[in-house]
1. Going by the structure shown, is Asp172 without any contact (Cβ under 8 Å) to a residue 40 or more places away in the chain, farther than 16 Å from Ser250 by Cα and surrounded by fewer than 18 Cβ atoms within 10 Å (Cβ to Cβ)?
2. Search region 46-68 for residues being part of a helix (DSSP H, G or I) and touching a residue at least 60 places away in the same chain (Cβ under 8 Å), and hand back the single one that is surrounded by the most Cβ atoms within 10 Å (Cβ to Cβ).
3. Among the residues that make up region 5-13, is at least one of them more than 24 Å from Met171 (Cα to Cα) and of a type in the set (A, V, I, L, M)?
4. Taking region 92-119 as the search range and keeping residues that are under 20 Å from Trp159 (Cβ atoms) and among the polar types (S, T, N, Q), which one is surrounded by the most Cβ atoms within 10 Å (Cβ to Cβ)?
5. Take region 143-172 and flag every residue that is charged (D, E, K, R), more than 20 Å from the chain's Cα centre (by Cα) and either modelled with pLDDT under 80 or assigned to a loop (DSSP other than H, G, I, E, B) (or both).
6. Are there any pairs with C-beta distances below 7 angstrom linking a residue in region 153-168 that is touching a residue at least 40 places away in the same chain (Cβ under 8 Å) and surrounded by fewer than 16 Cβ atoms within 10 Å (Cβ to Cβ) to a residue that is in a loop (DSSP other than H, G, I, E, B) and not β-branched (Val, Ile, Thr), with the two at least 6 apart or on different chains, and if so which?
7. Considering each of Arg175, Arg132, Arg155 in turn, give the residue that is charged (D, E, K, R) and touching a Pro at 6+ places or on another chain (Cβ under 9 Å).
8. Give the residues of region 14-45 that are farther than 16 Å from His99 by Cβ and in a strand (DSSP E or B), sorted by residue number.
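The values are calculated or read from the model by the stated rules, or taken from the named source; none is laboratory data. Fair warning: this is a prediction, and the values are worked out from it, not measured in the lab. With ideal geometry, Cβ positions are generated from the backbone for all residues, glycine too; neighbour counts draw on all protein chains shown.
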Amino acid sequence: MDNNNVFSLIYPEAKSVVISGDIHGDFNELVFKLCIQYQMTDTLLVVAGDCGFGFEKKEYYEQMLKRNAKRLNEANNWIVFVRGNHDNPAYFDGITFKHKRMMCAPDYTVLQACNHTILCVGGGISIDRKVRMEAWDKKKAKHGFDSNPNDGIPRAYYWSDEIPIYDKKKMDAIRSTYNVDTVITHTAPSYCELQTKDGLTRWAADDSTLMTDIQAERATMDQLLKRLQADHHPVSHWYYGHFHQSWHSSIDGILYRMLDIKELCMVY
């Protein structure tokens, strides 16, 4: 539902909230873990980006949902996807992939569950973006892909509008309506891990603006944090993926937690 220009989702039946790190298209495994392996019920699961939307045709994701709907219904679980850099932003408009049990959340979606208010902001920089663009161009040339498919969502390996955006208007609307206590993003503020530049230099050698763009990505998260603090939101937890490692630390009263690929973390 869109309230005061803020997209919000309320889960009154949820009894717990779980966050997942990047899943890179392994949707079936995620549902299996949630419903069968860990036998969770009445649970809202939020994937912190790099879900894997956009590499296949839209029909593929609808079929994936149909395959998993029975398990999700029986366990009374819900999955919300936050946009990563390896996701086509077209799916994250609140309309394109919106179902009772699975939903791609627009940036600045507010989730309400278990007496908590959770802000979700997606986006990040692909360090391998140049390679991805080249690989897709080769694949298109080889297979002669139609750039404008019937469902209106072209497939790709990379999306130029992948970056996180600081949205002042959305933050104004959130301030007047909500008290945010938990933040879920794909990337993280600049003083959170990962700090090391090892590995980045290799990619930056062929991509002259990569380092600058990565700094800007993290600065956007800093800006988001400053705004949350200025508006006196009672933020106590911040979860993110993107860096494919585990880490957690309490900084200035906020517990930051980086989740590895497919790592699950019970939040509430």
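1. yes
2. Pass one, region 46-68, residues part of a helix (DSSP H, G or I): 58-68.
If we keep only those that are touching a residue at least 60 places away in the same chain (Cβ under 8 Å) as well, we get 58-59.
Numbers: Lys58: 20, Glu59: 11.
Out of the qualifying residues, it is Lys58.
3. So far as region 5-13 goes, no, none of its residues is more than 24 Å from Met171 (Cα to Cα) and of a type in the set (A, V, I, L, M).
4. The initial filter retains those residues of region 92-119 that are under 20 Å from Trp159 (Cβ atoms), namely 92-98, 103-109.
This time we only want the ones that are among the polar types (S, T, N, Q), so: 96, 109.
Working: Thr96: 17, Thr109: 26.
Here the answer is Thr109.
5. Quick first cut of region 143-172, residues charged (D, E, K, R) only: 146, 151, 155, 161-162, 167-170, 172.
Within this subset, residues satisfying the condition of being more than 20 Å from the chain's Cα centre (by Cα) are 146, 151, 169, 172.
Selection gives Asp146, Asp151.
6. Pairs found: Ile165/Asp107; Ile165/Gly123.
7. One residue alone meets the criteria, Arg155.
8. Answer for region 14-45, where residues must be farther than 16 Å from His99 by Cβ and in a strand (DSSP E or B): Ser16, Val17, Val18, Ile19, Ser20, Thr43.
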